[in-house]
Amino acid sequence: MTFDLSRLPDPLLLRPVDGPLDADVTVPGSKSITNRALVCAALAGGTSTLRGALSADDTDAMAAILTELGVTIRRGTDGDDTTWSVTGCGGRPRASEAVLDVRQSGTTARFIPPVLALGAGVYAVSAHPQMQARPMDATFDALAALGATVAPDGEPGHLPALVVPGERRGGAVAVPGDASSQFLSGLLLAGPCFDHGLTVQVTTEAVSRPYLDLTVAVMEAFGAVVSRPDPSTFVVAPTGYRATDHRIEPDASAASYPLAAAAVCGGRVRVRGLGSGALQGDAGFADLLAEMGAQVRRDDDGTEVRAERGSLRGGRFDLTHLSDTAPTLACVAPFATDEVVVTGIGFIRRKEIDRVAAVAGELTRCGIDATEDDDGWTIRPGTPRPAVVQTYEDHRMAMSFSLLGLAADGISIAGPGCVAKTFPGWWDLVEQLRPGTLPPALRS
C-alpha cells in the first residue's frame with residue numbers, strides 16, 4: 001500500500017480528477033464470501049484453501065475468533081497474502097472457554113454465536129461500541145429456541161453477551177427477515193453441524209435476499225445440502241462440511257465505487273475479475289447505472305462502465321436487495337439531470353450507523369437538496385459545495401462520498417482511515433482512477 005492509513009490527514013482533502021477516467025482496477029476479495037467461507041472451512045474436517053480472500057478489519061475479526069476457538073489459519077501459504085489455509089475443527093469448536101471480540105464486524109457478530117452453540121463451555125462475546133448499538137435479538141432468540149443460553153451483559157438483545165451451548169441437537173427455529181439477512185445466514189452456516197440439522201422459517205419478507213443465496217452457494221461449495229420446500233423455509237441437512245479449495249470473487253460492494261466514478265466523472269472504468277458469473281447480488285449495481293444512462297459491459301473477466309459526464313438520468317430505484325450500494329447511488333444522484341428517489345432501505349438505519357439519516361445529512365452539508373424519507377431518500381440535482389464530510393467511522397460513508405470529491409472542488413473526508421474495515425487500499429485506488437496516473441507499484 002502507498003497510503004499508510006494511520007498517517008492520512010484528517011480530514012483528507014480530495015482533488016477532483018482532470019478529464020475523463022480511463023482505468024482498469026482490481027478491488028479486494030469479497031468480505032461477504034471471505035467470512036462465509038472462513039466459517040465453513042473452520043467447521044469442516046481437514047484443511048481448506050481460500051484463494052482471493054480479503055484482508056481487512058472485518059475478516060481479521062472473524063479469523064481471530066476462529067483461531068481462539070481452535071481453528072488453524074495461515075495466510076500467504078503460496079506467497080500470496082490473499083491465499084489462506086484453514087484447518088477446521090470438524091464441526092465442534094475446540095475451546096471450552098473463550099473471550100471473543102467481534103470488533104465492528106456485523107457478519108462476525110451474527111455468524112459466530114451460532115458457531116458457539118456447537119461447542120461446549122462458556123463464551124464471552126464483546127464488541128466495539130458501534131456494534132453494541134446494533135441489534136442481536138433475532139440471533140439470541142433463535143439460539144435460545146435451540147437450547148443454548150444467551151445472557152446479555154448490558155442492554156437486552158445486544159452485545160456483549162455470554163453464550164452457553166445446549167445439546168447441539170438442532171431442530172426448527174423461526175427468524176424475522178426484515179432487519180438483516182445476517183441473522184438468517186449465521187444460523188444457516190452452523191446448520192450442517194447440528195446433530196439433526198436445522199430448519200429455519202423466515203417469518204417476514206427477507207431483505208437483502210441475494211446475500212441468503214450467496215450463503216447457500218458458499219455452504220454448498222463446502223458440501224452442505226440446503227433445500228427450500230417453499231420460499232420462506234430453509235432446510236439444512238446434518239452433513240457437516242468437507243474441506244475444499246475455494247476461490248473468492250472480488251467484492252461487488254467495493255466495486256460499486258470505481259464503477260460509479262466512471263458514471264459521475266465520465267470516461268471508462270473496468271473492474272477486473274467481477275464478471276458475468278458473479279454470485280454477489282451487489283454486482284447488480286452496474287445495472288442501476290445502466291438505467292441512469294451509463295453503458296455497461298460484462299464478460300467472463302470483468303465489468304466495465306462507460307459514461308459521458310452530465311449524461312445520467314434520474315429515476316426511482318428500489319434497493320431492498322442492494323442496500324450496501326445505496327450510499328453509492330446516493331452520491332451519484334446529485335450528478336443526474338433529474339431527481340433520484342431511493343426506496344426499500346429503511347432497515348439500513350440499523351447498520352453501523354443510521355445510514356439513511358447520515359447520508360441525507362452529509363449530502364445537505366455539501367449543498368445538495370436531499371430529503372430523508374422513511375425508507376430512503378429523494379435527491380435532486382446539484383453541484384456539491386466545499387465541505388468536510390463526517391463519516392461516523394462508517395467505511396461506506398467514506399468511500400461513497402469520495403465520489404463527490406472526485407467530481408467537485410473542496411470535498412474533504414473526516415476519519416478517512418475507517419476504510420480499513422473492508423477496503424484498506426481504497427485511497428490507493430482513488431489515485432489509480434486519475435487520468436495518466438501510474439499504479440502505486442510504479443510510482444517513485
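Out of everything in region 1-47 that is among the charged types (D, E, K, R), at pLDDT 95 or above and exposed (fewer than 14 other Cβ atoms within 10 Å of the Cβ), what residue ends up being farthest from the chain's Cα centre (by Cα)? Walk me through how you get there before you give the answer.
From region 1-47, those among the charged types (D, E, K, R) are 4, 7, 10, 15, 18, 22, 24, 31, 36; that's our starting set.
Imposing the further condition that a residue be at pLDDT 95 or above reduces the set to 10, 15, 22, 24, 31, 36.
Okay, now just the ones that are also exposed (fewer than 14 other Cβ atoms within 10 Å of the Cβ), so 10, 15.
Values: Asp10: 24, Arg15: 27 Å.
Once the filter is applied, the top-ranked residue is Arg15.
Out of (1) within 25 Å of Gly45 (Cβ to Cβ); (2) touching a Gly at 6+ places or on another chain (Cβ under 8 Å); (3) open to solvent by 50 Å² or more (accessible area, probe 1.4 Å), the odd one out for Ala120 is which?
Only one criterion is unmet by Ala120, namely (2).
Could you check Arg94 against (1) open to solvent by 20 Å² or more (accessible area, probe 1.4 Å); (2) touching a residue at least 60 places away in the same chain (Cβ under 8 Å) and say which number it fails?
Among (1) open to solvent by 20 Å² or more (accessible area, probe 1.4 Å); (2) touching a residue at least 60 places away in the same chain (Cβ under 8 Å), Arg94 violates only (2).
With (1) in a strand (DSSP E or B); (2) modelled with pLDDT under 95 as the list, and Glu167 as the residue in question, which single condition is left unmet?
(1)
Looking at Ser227, Ser185, Ser253 in this structure, which one is of a type in the set (Gly, Ala, Ser), without any contact (Cβ under 8 Å) to a residue 40 or more places away in the chain and under 30 Å from Thr87 (Cβ atoms)?
On the way: Ser185 fails: without any contact (Cβ under 8 Å) to a residue 40 or more places away in the chain; Ser253 fails: without any contact (Cβ under 8 Å) to a residue 40 or more places away in the chain.
The match here is Ser227.
Is it the case that Tyr257 is over 18 Å from Ala44 (Cβ atoms), crowded, with 24+ Cβ neighbours inside 10 Å and hydroxyl-bearing (Ser, Thr, Tyr)? Let's see the steps before the verdict.
On the way: over 18 Å from Ala44 (Cβ atoms): yes; crowded, with 24+ Cβ neighbours inside 10 Å: yes; hydroxyl-bearing (Ser, Thr, Tyr): yes.
Criteria met by Tyr257.
Across region 273-293, what is the number of residues that are under 15 Å from Ala260 (Cα atoms) and open to solvent by 10 Å² or more (accessible area, probe 1.4 Å)?
7
Under the condition of being of a type in the set (Lys, Arg) and surrounded by 14 or more Cβ atoms within 10 Å (Cβ to Cβ), which residue from region 199-242 is nearest to the chain's Cα centre (by Cα)? Talk me through it step by step, then tell me what you get.
First pass over region 199-242, keeping only residues of a type in the set (Lys, Arg): 209, 228, 242.
So of that shortlist, the ones also surrounded by 14 or more Cβ atoms within 10 Å (Cβ to Cβ) come out as 209, 242.
Values: Arg209: 14, Arg242: 25 Å.
Per the criteria, the residue is Arg209.
Restricting to strands (runs of 3 or more DSSP E) lying wholly in region 55-141: which have 2 or more residues that are among the small types (Gly, Ala, Ser)?
Working: elements: 72-75, 83-87, 97-101, 122-126.
Result: 122-126.
Report yes if Ala263 is buried (at least 16 other Cβ atoms within 10 Å of the Cβ), under 30 Å from Val202 (Cα atoms) and in contact (Cβ under 8 Å) with a residue 12 or more places away in the chain, otherwise no. Walk me through how you get there before you give the answer.
Working: buried (at least 16 other Cβ atoms within 10 Å of the Cβ): yes; under 30 Å from Val202 (Cα atoms): no; in contact (Cβ under 8 Å) with a residue 12 or more places away in the chain: yes.
Spelling it out, it is not the case that Ala263 is buried (at least 16 other Cβ atoms within 10 Å of the Cβ), under 30 Å from Val202 (Cα atoms) and in contact (Cβ under 8 Å) with a residue 12 or more places away in the chain.
The values are calculated or read from the model by the stated rules, or taken from the named source; none is laboratory data. All values reported here derive from a predicted model rather than from experimental measurement. We place every Cβ from the backbone using ideal geometry, glycine too, and count neighbours over all the protein chains shown. Surface areas here come from the heavy atoms of the whole protein model, side chains and all, with no ligands, DNA or RNA. Shrake-Rupley method; radii C 1.70, N 1.55, O 1.52, S 1.80 Å.
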